[in-house]
Structure formats: C-alpha cells, structure tokens
1. I'd like the antiparallel share, as a percent to the nearest 5, of DSSP beta bridges with both residues in the stretch 13-75.
2. Roughly how many Å² is the accessible area per residue of the chain, as a whole number, for a 1.4 Å probe?
3. About its Cα centre, what dipole magnitude does the chain give when the only charges are +1 on Lys and Arg Cβ and -1 on Asp and Glu Cβ, stated in debye to the nearest 20?
4. Quick check: net charge around ASP78, other residues with Cβ under 12 Å of its Cβ, Lys/Arg +1 and Asp/Glu -1?
5. For the peptides 16-24, 53-61, 73-81, what is the packing order when you average, over each peptide's residues, the other Cβ atoms within 10 Å and list the highest mean first?
6. If you average over every viewing direction, what projected area does the convex hull of the Cα atoms of the chain give, in nm²?
Amino acid sequence: SANYVVPLSSGNVTFNAAYQTQSTTRFDLQGRLEQKPYALVNGSIYWNAASGLRVGLFAKNLLNEKYSNYYIEQAFGDYYTAAMPRTWGVEIGYEF
C-alpha cells in the first residue's frame, strides 16, 4: 500500500492505494475445493482537519473480484461464504 499526504492550512488530505494478491488456496486435502488466484485493489481519500474532524471517501475491491472467504467441506454438500463485492462509501469521524 502507499499513502500520500498533502498538508493544508486546515489540516491535511491523505490519499491511500492498496494492492493485495492471493495465489491459489486449497481448502481440503484432496484439492477438490480451491480458491483461484485473485487480486484486490482498495483506495481512499481523507481530509483530516486540525480540529480532529475526519471526512473521507473509500472504495474496496475496485476490480470487483469474486472470491470466497472460506469453504466448508461436508458429507451432504460443500458450503462457502462469498466475499464482499465492490463497495464504496463515505466516512465521517472525530478524533478526541
């Protein structure tokens, strides 16, 4: 990941970009349940005021990769939990 901070008279603006990659993951000993390789790209822009106020925009999974958090192997069927798709939002906070 990388951060870039731009100082302002009213605080600063922080830009962040993050990249993560995962190779093939096997969830059972036979290799039947496997997660294909994937890459995640996240980013954010935050304004941090000198008063402690923080306002920002963020985006996660910008490439909208489809992958699972985990698999469970069972006798009557296998289960998995899909990871979050592309998400974005606004965050407002205050640091005391």
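1. Within the stretch 13-75, antiparallel bridges account for around 100 percent of the total.
2. 74 Å²
3. Here the chain has a charge dipole of around 180 debye.
4. With Lys, Arg at +1 and Asp, Glu at -1, the net is -2.
5. 53-61, 16-24, 73-81
6. Here the figure is 8.3 nm², rounded to one decimal.
The values are calculated or read from the model by the stated rules, or taken from the named source; none is laboratory data. This one's a predicted model, so the numbers in the text were calculated from it and none came from an experiment. In this analysis, Cβ positions are derived from the backbone assuming ideal geometry, glycine residues included, and neighbour counts consider all displayed protein chains. Only protein heavy atoms, including side chains, enter the accessible area calculation; ligands, DNA and RNA are left aside. Shrake-Rupley method; radii C 1.70, N 1.55, O 1.52, S 1.80 Å.
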